[in-house]
Amino acid sequence: HRERIIMEQRLTERRPAALEVLVYRNKVPVLTGVTRNVGTNGMFISTSAPNELPERSFVEVEFDLEENGEVCKCRVPGWVARRLGEGIGVTFVTLDSRGRRDLQRLLRRAGGRLPQWRPDLPPRGVL
């Protein structure tokens with residue numbers, strides 16, 4: 001029931017995606033996980049250590065993507081929107097052109113595509 005409520009609060013659709021990620025806080029890797037879903041505004045990361053990161057903390061999520069036979073390390077900035085027993089929800093902050101390109105590649109891999117870019121809405125509940 002809780003997951004349905006959370007999904008109804010999202011601004012954009014998320015696509016199922018299983019991708020290994022490394023989460024950084026203050027430029028230091030703090031946990032590993034696997035994405036459960038990803039969208040233009042965020043992702044859910046399944047991890048055994050969701051309590052390592054407090055809600056509202058700034059993070060960077062790193063993942064590897066293969067393109068034209070080469071593996072590229074990609075990193076997108078965000079903040080921890082929520083912690084659940086099985087992982088964390090990360091909301092992306094405004095992305096630069098490289099972050100946006102990396103996210104587009106990730107979404108293509110997940111079978112989705114980005115709609116027309118629009119300015120991000122400010123995170124709700126964060127002062």
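Limited to segment 56-105, what total is found for residues that are in a strand (DSSP E or B), acidic (Asp, Glu) and without any contact (Cβ under 8 Å) to a residue 24 or more places away in the chain? Residues in segment 56-105 being in a strand (DSSP E or B), acidic (Asp, Glu) and without any contact (Cβ under 8 Å) to a residue 24 or more places away in the chain: 2 in total.
One residue stands out among those in segment 35-62 that are of a type in the set (A, V, I, L, M, F, W, C) and at pLDDT 90 or above: the one that is most open to solvent (accessible area, probe 1.4 Å), which is Phe58. Annotation: of all residues in segment 81-109 being out of contact with any helix residue (DSSP H, G or I) (no Cβ under 9 Å at 6 or more places or on another chain) and open to solvent by less than 20 Å² (accessible area, probe 1.4 Å), the one that is modelled with the highest pLDDT is Val90.
In segment 66-80, which residues are aliphatic (A, V, I, L, M) and open to solvent by 10 Å² or more (accessible area, probe 1.4 Å)? Reasoning before the result, please.
Step one: filter segment 66-80 for residues aliphatic (A, V, I, L, M), giving 71, 76, 80.
Matches in segment 66-80: Val71 only.
The values are calculated or read from the model by the stated rules, or taken from the named source; none is laboratory data. All figures in this text were calculated on a predicted structure; none of them were measured in a lab. So basically every Cβ, Gly included, is an ideal-geometry build from the backbone, and we count neighbours across all protein chains shown. Side chains are part of the model used for accessible areas, which takes the heavy atoms of the whole protein and leaves out ligands, DNA and RNA. Shrake-Rupley method; radii C 1.70, N 1.55, O 1.52, S 1.80 Å.
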